[in-house]
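Reviewing the structure listed below.
The values are calculated or read from the model by the stated rules, or taken from the named source; none is laboratory data. Because the structure is predicted, anything quoted here is derived from the model rather than measured. Cβ sites come from the backbone with ideal geometry, for glycine too, and all protein chains shown count toward neighbours. Only protein heavy atoms, including side chains, enter the accessible area calculation; ligands, DNA and RNA are left aside. Shrake-Rupley method; radii C 1.70, N 1.55, O 1.52, S 1.80 Å.
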Amino acid sequence: MDFQLREEQQQFADALRRWVDKDYSHEARRQIIHSASGVSDSAWQTLVELGMTALPVPEAQGGFNGGAVDLWVVMQELGRGLVVEPYFATVWGTEFLKRAGNQAALLEQVASGALKLACALGEQQSRHDLYDIRTSAVREGDGYCLNGAKSVVIHGAQAGALIVSARAADAPDGLSLFVVPADAAGLQRRDYRTIDGQRAATVELRDVRLPATAMLAQGSAGADLLDAAADYGVTLLCAEAVGCMDALFAATLDYLKTRKQFGTAIGSFQALQHRMADMYIHLEQARSMAMLAAARQDGADVAERRRAVSAAKVRIGQAAKFVGQQAVQLHGGMGVTDELPAAHLFKRLTMIDLTLGDVDHHLQRFAAQPAFAEYA
């Protein structure tokens, strides 16, 4: 498998890294986090100008038709810079629209940066099971009426439209997916900041009435769409986590080179060098698994995609815990302060592990795959 980036992919990565270094410093990020909105309109506009919102959109809708590996490159750089803008949520929602089809108008708005998306899938009781859905969709004439509540919707209050899962009595197996405008009557959002500086929302749907055209998929087609899009979201998070670990490793190495004890840099102590070596091994294994998960997204083998994604989420969750804990310890007391990026990177890694299935969840999912015996 070729892990080398193509020229255009490297250009995307370089452009993002230059922007982060120039305009998205640690202090600038802290100001954005503690602002009233928790996001930056100017930062979002920069992402639009760099072509990031157009990257996942098909060419027919004004995009660049980027695949999962292209987005892997972008998410890695955004993770390295700890960017808190609603890019992940929008790209994840775009995957639902692309796979559902007949959503050209919305995709064009995404490509231009005019529309942000969010995925309202999890519920209070569901934990990591996206199929545990109590939100109802009742047929009313030519449309549907939705009632229910969604929890921890990433950037739910910043989105102009939300992908919502519901149970419809008239659909086979009940599962249905809808695209719901944020200004729909009866939709309420309570915005809050999460421990990693991101934004999330509790979304309530009270007699939200939608036309039939708002349905993306239902029944087995809806289940397949949810499964594929969830794997895509996990892949994006894995790439972001690799970027976070990259930055955390670099920050720790720099600290060891500059922090002195007994008149010498602590990086010269062999015991600490061994710990850094262990961190590097975890990081590179995680990077390889993240790339493998991205490569499997565009393939036709669903079982292989599921295995690769769950294996990546497990390995990256383990690596993130090890790298994060070691980084904090090597920084000493400074590692948990708000002033240093290390603490923020570790918090983000922790939240990534808990998003779309933690290590235990994906271990169980991997073991449940039909071909698990081949890997045992």
Discussion item. Restricting to segment 39-75, name every residue that is assigned to a helix (DSSP H, G or I) and either open to solvent by 30 Å² or more (accessible area, probe 1.4 Å) or of a type in the set (Asp, Glu) (or both).
Written reply: Asp41, Ser42, Gln45, Thr46, Glu49, Glu59, Ala60, Gln61, Val69, Asp70
Worksheet item: Taking into account only those residues within segment 186-214 that are open to solvent by 80 Å² or more (accessible area, probe 1.4 Å) and not charged (D, E, K, R), which is nearest to Leu349 (Cα to Cα)?
Response: Ile195
Discussion item. Name the residue that is nearest to Leu106 (Cα to Cα), counting only residues in segment 21-66 that are touching a Phe, Trp or Tyr at 6+ places or on another chain (Cβ under 8 Å) and aliphatic (A, V, I, L, M).
Written reply: Val57
Worksheet item: Would you call Ala271 part of a helix (DSSP H, G or I) and either at pLDDT 95 or above or under 23 Å from the mean Cα position of the chain (by Cα) (or both)?
Response: no
Fill in: Residue tally, condition open to solvent by less than 20 Å² (accessible area, probe 1.4 Å) and charged (D, E, K, R), over segment 20-38
1
Worksheet item: Does Ile281 qualify as being assigned to a helix (DSSP H, G or I), β-branched (Val, Ile, Thr), modelled with pLDDT of 95 or more and open to solvent by 50 Å² or more (accessible area, probe 1.4 Å)?
Response: yes
Worksheet item: Of all the helices (runs of 4 or more DSSP H) wholly in segment 326-376, which have at least 1 residues that are in contact with a Leu (Cβ under 8 Å, 6 or more places away or on another chain)?
Response: 341-354
Worksheet entry | Among (1) surrounded by fewer than 23 Cβ atoms within 10 Å (Cβ to Cβ); (2) under 19 Å from Val336 (Cα atoms); (3) not polar (S, T, N, Q), the one test that Cys244 misses | (1)
Worksheet item: So which of Ala367, Ala371, Ala312 ends up being modelled with pLDDT under 95, more than 17 Å from Leu253 (Cβ to Cβ) and open to solvent by less than 30 Å² (accessible area, probe 1.4 Å)?
Response: Ala371
Discussion item. Looking only at segment 85-115, how many residues end up being buried (at least 23 other Cβ atoms within 10 Å of the Cβ), part of a loop (DSSP other than H, G, I, E, B) and out of contact with any strand residue (DSSP E or B) (no Cβ under 8 Å at 6 or more places or on another chain)?
Written reply: 1
